[in-house]
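A.B. asks: Have a look at this one before I ask anything.
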Amino acid sequence: MLYGHIEIDFGKNTHEARSLLELNMIIQDAVRDALPETYWIRAEMSDVRMNNSSGHCYLEFIEKDEHSGQIVAKARGTIWARTFQMLKPYFEQETGRLFTSGLKVLVNVSVEFHELYGYSLSVHDIDPSYTLGDMVKKRREIICRLQEEGIFELNRELPFPLLPQRIAVITSPTAAGYEDFMHQLTENEYGFSFYIKLFPAIMQGEKTEESVIAAFDRIFPGADLFDVVVIIRGGGSTSELSSFDSYPLAANCAQFPLPVITGIGHERDDTTLDMVAHTRMKTPTAVASFLIECMIREAAQLQELEQIIIGGVTERIMQEKSVLQTLTVKLPVTVTGHIERRRNQLHTMTAHLSSLPQWICYRMEKLEDFPSRLQRAASALIAARTTMISNMPLRLRRASERVCAEGRQVMELNEQYIRMVSPEYILKRGYTLTFKEGQIVKSAEGLSAGDEISVKFSDGEKKGKII
């Protein structure tokens, strides 16, 4: 072909050309020959996805720079269904963590190159002890940070109320553990009354931390209406406890102004949240039992004080009764002796004063009648004191019953007051609560044009904007 003065020959190329598929297959053979073995690698899992139809797990392995946090290496990974069915439950049982993105792992892989999908790593085995070590390290870092900030022991140092009856509960309203907790408290055999307010939260999954912290924020404005905060979680696997190993959640719990009781795990599982809480129990039912035992302990002390008072009064009554009995025996003898001495004196004086006027003789007759009158008066006094002592146990019992009745009336009035001042009761009366950025608006001066607000009614919540 002639184009201008340049002749271009489009004849057959003398070099042999290969297709992309052929080249990829050559690379595949080369990789297989060069890297025939499996290798243990340290990496962080990212974008973990399981194919529900095939059962295969697809993920990415990444490595980050320790200082900058930038990704310095990345590789696509595959765990075939048969291997994944064994590795996932084994890993979660050993570590207590979900097999999910963000975990550092030590995995045994083979290098693969597929003519269509390219380079990837095929996972054959996993070492949970490496991840456990990283988890322990992370937990230790959280604890050290809390200790350095001086807040690790704050909640445990709060005084625990003698009668923990007003309880703010953070949990999922559909959790079986919440139902068990409520049943055990409200149906307790001792008849103790508890005021329980639920603050719903997500208790498993990625949103657990955010949801529980939001529940803390909702309790805080009315913290003076409660005695304790209870965080419970019923059912679920041990691996789901990882959400409670969180610095923001632990920091919120440690600095909360009310004692926090947790019942979110099992006997051998201690999360960071458990460590900073005031009291850690195993399960929701164990938390309920603990609260009831606190009430039983105080009731027992009151009964013990009652017995001490009754015993002391009874002993005093017996002492006084013994004194009266002694006086009953001794008084007639003493009085009789005294009367005889006085009579002798009167006879002596009569002998000396026989020349006195007649009125002296009259007075002497009255004096002779004095012993019998004195004895009758003494007997009447002793009988009156004996009757009073006999009636004292009955009077004491009635007084104790009256004090207990007045105490119960005070407790019922307090309980009624708590219900009437609760936010739900106020909302049902037609009032509303206005929130701006999660805080209650107490004055019109706190709002400006353009502010986004949330208005809470008894049956829901609406958002709006100030114009």
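A.B. asks: Any chance you could run the full-extension gain for GLU179 through GLN93? It's 0.36 nm times the residue separation minus the Cα-Cα distance, nm to one decimal.
C.D. replies: Working: separation 86, 0.36 × 86 = 30.96 nm, distance 2.70 nm.
In short, 28.3 nm is gained.
A.B. asks: Report, in cubic angstrom per residue, the convex hull volume of the C-alpha atoms of the chain. Working shown, then result.
C.D. replies: Details: hull volume 162.3 nm³, N = 467.
So the per-residue hull volume is 348 Å³.
A.B. asks: Let me ask something additional. If I model a spin label as a point 7 Å beyond the Cα along the Cα-Cβ vector, how far apart are those points for ASP33 and VAL403 in nm?
C.D. replies: Placing both labels 7 Å along Cα→Cβ, they lie 9.9 nm apart.
A.B. asks: Let me ask something else about it. With every protein chain left in place, what is the accessible area per residue of the stretch 70-188 in square angstrom, probe 1.4 Å? Spell out each step's value before the answer.
C.D. replies: Values: 6540 Å² over 119 residues.
Per-residue value: 55 Å².
A.B. asks: For the stretch 17-87, report the convex hull volume of the alpha-carbon atoms normalised per residue, in Å³, without decimals.
C.D. replies: Working: hull volume 11.2 nm³, N = 71.
It comes to 158 Å³ per residue, whole-number rounded.
A.B. asks: A follow-up question, please. Taking the alpha-carbon distance from LYS462 and a cut-off under 30 Å, which lysines remain once sequence neighbours fewer than 8 residues away in the same chain are dropped?
C.D. replies: LYS197, LYS207, LYS428, LYS436, LYS442
A.B. asks: Over the stretch 10-70, what is the relative contact order in whole percent, taking alpha-carbon pairs under 8 Å and six or more residues apart? Mind showing how you got there, number by number?
C.D. replies: Values: 30 pairs, mean separation 12.5, N = 61.
After rounding, I find 21 percent.
A.B. asks: Ok, one more. Round to the nearest 0.05 the FRET efficiency obtained for PHE160 and ILE71 when R0 = 60 Å and r is the Cβ-Cβ distance. Can you show the working numbers first?
C.D. replies: Numbers: r = 48 Å, r/R0 = 0.80.
After rounding to 0.05, the efficiency reads 0.80.
A.B. asks: What FRET efficiency, computed as 1/(1 + (r/R0)^6) with R0 = 60 Å and r the Cβ-Cβ distance, is obtained for LYS137 and ARG18, rounded to the nearest 0.05? Could you put the intermediate results ahead of the total?
C.D. replies: Working: r = 50 Å, r/R0 = 0.83.
About 0.75, to the nearest 0.05.
A.B. asks: Find the relative contact order for the stretch 46-122 and round it to a whole percent, using C-alpha pairs within less than 8 Å whose residues are 6+ positions apart. List each step's numbers first, then the result.
C.D. replies: On the way: 105 pairs, mean separation 19.8, N = 77.
It comes to 26 percent, rounded to a whole number.
A.B. asks: Taking the Cα centre of the chain as the origin and placing charges on Cβ (Lys, Arg +1; Asp, Glu -1), which of THR326, PRO36, ILE79 is farthest toward the positive end of the dipole?
C.D. replies: The residue sitting farthest along the positive end of the dipole is THR326.
A.B. asks: If you rank HIS338, HIS278 by how much accessible surface each has, with a 1.4 Å probe, what is the order from largest down?
C.D. replies: On the way: HIS338 75, HIS278 40 Å².
Correct descending sequence by accessible area is HIS338, HIS278.
A.B. asks: Here's another thing I want to ask about it. Could you give the length gained on full extension between ILE440 and THR314, defined as 0.36 nm per residue of separation minus the Cα-Cα distance, in nm?
C.D. replies: Numbers: separation 126, 0.36 × 126 = 45.36 nm, distance 5.76 nm.
Fully extending the segment from ILE440 to THR314 adds 39.6 nm.
A.B. asks: Follow-up question, since we're still on this one. Would you tally the net charge around ALA300, using a Cβ to Cβ cut-off of less than 14 Å, leaving ALA300 out, and scoring K and R as +1, D and E as -1? Present the calculation step by step, with values, prior to reporting the outcome.
C.D. replies: Details: positive: ARG297; negative: GLU293, GLU298, GLU304, GLU306.
With Lys, Arg at +1 and Asp, Glu at -1, the net is -3.
A.B. asks: So, in Å, what gap is there between the alpha-carbon centers of the stretch 393-407 and the stretch 75-143?
C.D. replies: Going from one Cα centre to the other spans 70 Å.
A.B. asks: Mind pulling the angle between the C-alpha long axis of helix 176-186 and the longest principal axis of the chain? Nearest 10 degrees, somewhere in 0 to 90.
C.D. replies: 10
A.B. asks: If you average 1/r over every pair of different alpha-carbon atoms in the stretch 59-112 and take one over that average, what Kirkwood value in Å do you get? Can you show the working numbers first?
C.D. replies: Working: mean 1/r = 0.0781 Å⁻¹.
Radius from the Kirkwood sum: 12.8 Å.
A.B. asks: Using 1/(1 + (r/R0)^6) with R0 = 45 angstrom and r between the beta carbons of TYR431 and GLU189, what's the FRET efficiency to the nearest 0.05?
C.D. replies: Details: r = 38 Å, r/R0 = 0.85.
After rounding to 0.05, the efficiency reads 0.70.
A.B. asks: Only helical DSSP H runs with n ≥ 4 go in: add -39500 (n - 2.57) per run for the chain, normalise by residue count and round the 222 nm mean residue ellipticity to 500 deg cm²/dmol.
C.D. replies: Working: 10 runs with 226 residues, N = 467.
Counting only the DSSP helices, I get -17000 deg cm²/dmol.
A.B. asks: Let me ask something else about it. Can you tell me, using C-alpha contacts under 8 Å and at least 6 residues apart, the relative contact order of the chain as a whole percent? Don't skip to the answer; put the middle values down first.
C.D. replies: Working: 614 pairs, mean separation 44.6, N = 467.
The normalised contact order for the chain reaches 10 percent.
A.B. asks: Output the 0 to 90 degree angle, nearest 10, between the alpha-carbon long axis of helix 358-421 and the longest principal axis computed from the alpha carbons of the chain.
C.D. replies: 10
A.B. asks: Can you give the angle from 0 to 90° between the axis of helix 128-148 and the longest principal axis of the chain, with both taken from C-alpha atoms, to the nearest 10?
C.D. replies: Helix 128-148 sits at roughly 50 degrees to that axis.
A.B. asks: Now a separate question. Count the net charge of all other residues whose Cβ sits under 15 Å from the Cβ of GLY55, scoring Lys and Arg as +1 and Asp and Glu as -1. List each step's numbers first, then the result.
C.D. replies: Working: positive: ARG49, ARG82, LYS88; negative: none.
Taking every other residue near GLY55 into account, the sum is +3.
The values are calculated or read from the model by the stated rules, or taken from the named source; none is laboratory data. Bear in mind that the values here come from a model prediction, so they are computed numbers and not experimental data. When we count neighbours, we look across all protein chains shown, and the Cβ atoms used for this are built from the backbone with ideal geometry, even at glycine. Heavy atoms of the whole protein, side chains included, go into the accessibility calculation; ligands, DNA and RNA do not. Shrake-Rupley method; radii C 1.70, N 1.55, O 1.52, S 1.80 Å.
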